[in-house]
Amino acid sequence: KCRTGPLDIVFVIDSSRSVRPFEFETMRQFMMDIISSLDVGPNATRVGVIQYSSQVQNIFSLKTFFTRLEMEKAINSIVPLAQGTMTGLAIQYAMNVAFTTQEGARPLHKKIPRIAIIVTDGRPQDRVTEVATQARNAGIEIYAVGIQRADMNSLRAMASPPLEEHVFLVESFELIQQFGKQFQDKLCGVDMCMEQEHGCQHSCVSIPGSFYCECNPGYRLNVDGKTCSPIDACADGRHGCQHHCVSARGSYSCRCRAGYYLNQDKRSCTMMDYCSFGNHSCQHECVSIPNGHYCRCHSGFTLQPDGRSCSATDLCNGVDHGCEFKCVSTEGSYHCVCPEGQQLQADGKACSKCRAGHIDLVMVIDGSKSVRPQNFELVKQFVNRIVDLLEVSPHGTRVGLVRVRTEFPLNKYHSADEIKKAVMEVEYMEKGTMTGLALKHMVEHSFSELEGARPLSHNVPRIGLVFTDGRSQDDISEWARRAKESGIVMFAVGVGKAVEEELRAIASEPVEQHYSYSADFTTMTHLVENFKLNICPEEGKGETEIRSPCECEALVQFQTNTVAILQSLTEKNILW
């Protein structure tokens, strides 16, 4: 056997009419004898056969067969063309077709010899010199074998140098078989891999007069031409792996991150559904995440320290519920409630008010220097919280503000927002406590029709609310008496150093329900009881005898809301 390494051999056989049938049989045997000495296979020597006459016919290409049995069967089935002798055309076909990588020739950089064996018995009928030169320049080594009547000059024009090793003339077809045994030695030559230390890391490939190194599959030859490195199939970025690419001997595989599994496409990954295992023990919901899961509660519930169970959240403390009066938490939700006698509105937050009722309210506030500036700001905030609960309008409730002078009359502002803005713009005075003078101004001016009070004949309740934190520096009894005699319902609220005797003198009857004295306002809650029976003025007479019950209800609501505000401020420790 020829052990010099792989070759790419193409037999170019003359089957013109000058070759008689029995002579062609000797050519078949010549080819099979040569093939029998070769180590054929896809990674060893590859063989192709073409025959030519006036045309070229491909019998089998370099990629068609890889066993001698298949090749011999194909050679035995050749039917000679029996026409002219177009040798140049056959060489052209070998160069342009038979020795291409598409037809099974190994790439030139592999350094596998490309050998064309031309067997002919006559003179070519076309030009061979030019096309043979092109074929040799393309890396094809040409052996020219002439039989009997062959033209030596044509053989020499076709063959590769040195001519003495590539041109053969056999006297007759009977001698070609014997020549074939000699020709085998020309192909085999010396195994260069055996003759010297080649230094190849993986394998050595011998070629006539030299050798080269090859690497195993999955490796590439390094620049030194001897050592090999693994091919990183992931490096070019075309692997398509969603998570990780793992290179292995020229190939690769995809791998998913922890908590994911590889899909059937062997590239994409899907997160494991740990909740589907059925052992999560979550009371409400299980949520899968990479490497595990966690429990989640329905809206309105809080996850407990065990990480699994849920309990209802006190939403009243955790959200801006917007309830006007009171928020009540329920399991997973909340709802608003209103004071007794009022109904919850359609928005589920506001409480109904006696919209048919209306009052004229004048608030008298202490702006003396005994009320520190920060406390004066709290008094203004308290006034505005009362305003928030009123239905302020020209035909509803009207509000005025007095210190020792009119800050704004009953008819100046027609909305709660206007009043609240005006209250916050009132400046700290740092003067004495002149409660009597303030009451006098209220009676003579604030409840006059000139400053916006409705006529007494309209039966609109008139309410005066006095805030003070100390003893008055003038007499209050005279103007407190006149205020009540003129039909004004008087409330007195004292804080700090306010004098109880003065507060009681200001308050309407029954006194116990119309005044309060406390540093923290906690005693105000008792005013609610029986308030409705005592706050409403007597029913009018004559043409205005019929009154809406909401007028009395408005007074009750005013006191209820005022007490609620005072109590709230006390609980939050924000006033005094």
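The values are calculated or read from the model by the stated rules, or taken from the named source; none is laboratory data. Bear in mind the structure is a predicted one, so any value in this text is a computation, not a measurement. Cβ sites come from the backbone with ideal geometry, for glycine too, and all protein chains shown count toward neighbours. Just so you know, the surface numbers come from the protein's heavy atoms only, side chains and all, with ligands and any DNA or RNA stripped out. Shrake-Rupley method; radii C 1.70, N 1.55, O 1.52, S 1.80 Å.
What the table shows:
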| read-out | value |
| --- | --- |
| For residue 244, solvent-accessible area (1.4 Å; no DNA, RNA or ligand), Å² | 90 Å² |
| Span from the the stretch 457-474 Cα centroid across to the the stretch 80-147 one, whole angstrom | 127 Å |
| Residue-by-residue Karplus 3J(HN,Hα) for the stretch 23-29, coefficients 6.51, -1.76, 1.60, Hz, glycine and proline x | 5, 5, 5, 5, 5, 4, 5 |
| For residue 400, distant residues with modelled amide H under 5 Å away | 361, 362, 363 |
| Additional length obtainable on full extension of the chain from residue 203 to residue 236, 0.36 nm per residue less Cα span | 9.2 nm |
| Segment residue 76-residue 296, length gained on full extension (0.36 nm per residue, minus Cα span) | 71.1 nm |
| Surface per residue (accessible, 1.4 Å probe) for the stretch 360-535, Å² | 45 Å² |
| FRET efficiency estimate (nearest 0.05) - Cβ-Cβ, residue 374 to residue 281, R0 56 angstrom | 0.55 |
| Value of Rg to Rh for the stretch 45-153 (Rh from inverse mean 1/r over Cα pairs, i.e. Kirkwood) | 0.95 |
| For residue 466, residues with placed amide H under 5 Å, excluding near neighbours | 364, 491, 492, 493 |
| Those GluC sites (Glu not before Pro) in the stretch 374-449 that DSSP places in a loop and that have at most 13 other beta carbons within 10 Å | 425, 427, 430 |
| Rounded, prolate or oblate (a/c below 1.5 giving rounded, otherwise prolate when a/b exceeds b/c) for the stretch 353-465 by Cα gyration tensor | oblate |
| Tally of Lys pairs whose C-alpha atoms are under 22 Å apart, taken over the stretch 7-188, 8 or more apart or cross-chain | 6 |
| Per-residue HN-Hα couplings for the stretch 277-291 [Karplus 6.51, -1.76, 1.60; θ = phi - 60°; Hz; x = Gly/Pro] | 5, x, 10, 7, 6, 6, 5, 10, 10, 10, 10, 7, 9, x, 6 |
| Euclidean distance between Cα centres, the stretch 242-275 to the stretch 384-403, Å | 72 Å |
| Kirkwood-Stokes translational diffusion coefficient of the stretch 7-188, alpha-carbon pairs, 37 °C, 0.692 mPa s, µm²/s | 206 µm²/s |
| Portion, in percent, of the accessible area of the stretch 360-535 that falls on carbon or sulfur, probe 1.4 Å | 51 percent |
| 3J(HN,Hα) from dihedral phi, the stretch 226-234, Karplus parametrisation 6.51/-1.76/1.60, rounded to Hz, x for glycine, proline | 10, 8, 10, 10, x, 7, 8, 5, 8 |
| Stretchable slack from residue 129 to residue 478, in nm (0.36 nm times residue separation minus alpha-carbon distance) | 111.1 nm |
| Solvent exposure, largest accessible area first (probe 1.4 Å, DNA, RNA and ligands not counted), of 155, 456 | 456, 155 |
| Fraction of accessible area attributable to carbon and sulfur, the stretch 1-135 (%, probe 1.4 Å) | 52 percent |
| The stretch 7-188 - accessible surface per residue (Å², probe 1.4 Å) | 44 Å² |
